[in-house]
Amino acid sequence: MKKISAPLLEWYSMYKRDLPWRRTKDPYLIWLSEIILQQTRVAQGTEYYLRFAKTFPTPSSLASATEDEVLKLWQGLGYYSRARNLHAAAKSMKGKFPRTYEGVRALKGVGDYTAAAICSIAYNMPYAVVDGNVYRVLSRVFGIDTPIDSNDGKKQFSALAQTQLDKKNASEYNQAIMDFGATVCTPQCPQCKGCPLAKQCVARRKNRTEELPVKEKKTKLSTRYFHYIYVEQGNCIYLHKRGGGDIWQNLYELPLFETSTEKRPKVAWLKGAELTPMGTLKHVLSHQIIYGTIYKVKLPHSAKLPTEFIKIKKGDLKKYAIPRLVQKLLEKIKTEI
Ligand code: SF4
């Protein structure tokens, strides 16, 4: 079968999206954009990219920030381990972004895809990217049924992607196939009419665009119930810093009680104070559905709270990085954040 690189490069020269990280060859900025865009839509990621590039224009500026500052800037983007890894990787660079594939791949939070993307886009190195868009385009054009989330599938698609790569134009080609998957060969309703690969596309010929790509495993979702208590004590409220081994590590939240059902929790240190729910929200993450409820309680100055909670002035809440769910729940009780 004919290689797909020539028609894709021609298509890209006409329809390339003008995105801020495409106006630079600085590997540090390209790395920033790649980490921000993992599991994030371009529209949302653009705003965060601009904010990060302005606040931390160099590896050293990012390395010298505190983790709280990085998390605060990341607030609302989700998958917070990306921000922690970004910060750790910046520290490991000692002011210089790595120049080799091995050096880039060794950065914390950088996998095969991201290393290939950075090295090809910034240095034009001949590494083919394989992301969700590439899996979709290749499985459809070549009519491949191997599940993309199986070990065999990963090997097969990455070998095929490498054979399709235009090695002299790795930077443009990789961006072309990803853009093409994001805008033409989309998951639903691909624009097969007028598609530059239509003539050679097996899925189109066999009417199988909806079946491809194939996935083996369905993501299992667990359900959790988070009860957040907004404790007012005069002009102060309380926060809690989340620990490791769970979502939102090192972010701040209101005192939390997790239950296995939606039943209201019993909280010993409230000493019988009534918990009145002020609002509930459903929050969907990749592997979990969380039902978050917020309660408001006023306590006298004499009340003692567990030492794990941090007492802060109400007006200081905006200085802390808090998960999106907590932000939305605070909006329900009209708290400024
Ligand atoms: S013809 Fe349709 S399915 Fe095939 S590559 Fe083009 S847009 Fe995708």
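Side notes on the structure shown:
- Single unsatisfied condition, Lys215 versus (1) surrounded by 12 or more Cβ atoms within 10 Å (Cβ to Cβ); (2) assigned to a loop (DSSP other than H, G, I, E, B); (3) within 14 Å of the ligand (Cβ to nearest atom): (3)
- Lys220 being touching a residue at least 60 places away in the same chain (Cβ under 8 Å), surrounded by fewer than 16 Cβ atoms within 10 Å (Cβ to Cβ) and either under 25 Å from Glu69 (Cβ atoms) or within 16 Å of the ligand (Cβ to nearest atom) (or both): no
- Subset of the range 182-203 (residues that are assigned to a helix (DSSP H, G or I) and either more than 9 Å from the ligand (Cβ to nearest atom) or over 14 Å from Ile144 (Cβ atoms) (or both)): Ala182, Thr183, Ala198, Lys199
So that you can scan it fast, the table gives a plain yes or no per residue for (1) among the polar types (S, T, N, Q); (2) closer than 28 Å to Asp18 by Cα; (3) within 16 Å of the chain's Cα centre (by Cα):
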{"residue": "Gln44", "(1), (2), (3)": "yes, yes, yes"}
{"residue": "Glu47", "(1), (2), (3)": "no, yes, yes"}
{"residue": "Phe56", "(1), (2), (3)": "no, yes, no"}
{"residue": "Pro59", "(1), (2), (3)": "no, yes, no"}
{"residue": "Ser64", "(1), (2), (3)": "yes, no, no"}
{"residue": "Lys72", "(1), (2), (3)": "no, yes, yes"}
{"residue": "Leu77", "(1), (2), (3)": "no, yes, yes"}
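- Candidate set from the range 154-173 (those that are more than 27 Å from Lys217 (Cβ to Cβ) and in contact with a helix residue (DSSP H, G or I) (Cβ under 8 Å, 6 or more places away or on another chain)); member that is nearest to the ligand (Cβ to nearest atom): Tyr173
- Verdict on Asp166 being surrounded by fewer than 19 Cβ atoms within 10 Å (Cβ to Cβ) and either among the polar types (S, T, N, Q) or in the same structural domain as Ser13 (by TED's automatic domain parsing) (or both): no
- Of the candidates Leu107, Leu86, the single residue that is surrounded by 20 or more Cβ atoms within 10 Å (Cβ to Cβ), in a loop (DSSP other than H, G, I, E, B) and not hydroxyl-bearing (Ser, Thr, Tyr) is Leu107.
- Look at the range 10-25: where a residue is farther than 18 Å from Gly181 by Cβ and a partner is of a type in the set (Ser, Thr, Tyr), sitting 6+ places away or on another chain with Cβ atoms under 8 Å, you get Pro20/Ser33; Pro20/Thr46; Pro20/Tyr49.
- Selection over the range 288-317 of residues that are closer than 22 Å to Ala268 by Cβ and β-branched (Val, Ile, Thr) gives a count of 5.
- In the condition set (1) closer than 17 Å to Asp131 by Cβ; (2) more than 15 Å from the ligand (Cβ to nearest atom); (3) assigned to a helix (DSSP H, G or I); (4) not aliphatic (A, V, I, L, M), Asp149 is compliant with all but (3).
- Pairs where the first residue, in the range 178-197, is more than 17 Å from Leu9 (Cβ to Cβ) and the second is part of a loop (DSSP other than H, G, I, E, B) and more than 8 Å from the ligand (Cβ to nearest atom), C-beta under 9 Å, 6+ apart: Gln188/Glu210
- Some residue of the range 234-254 being at pLDDT 95 or above, in a loop (DSSP other than H, G, I, E, B) and within 16 Å of the ligand (Cβ to nearest atom): no
The values are calculated or read from the model by the stated rules, or taken from the named source; none is laboratory data. All of these numbers come straight from a predicted model, not from anything done at the bench. Using ideal geometry, Cβ is built from the backbone for each residue, glycine included, and neighbour counts are taken over all protein chains shown.
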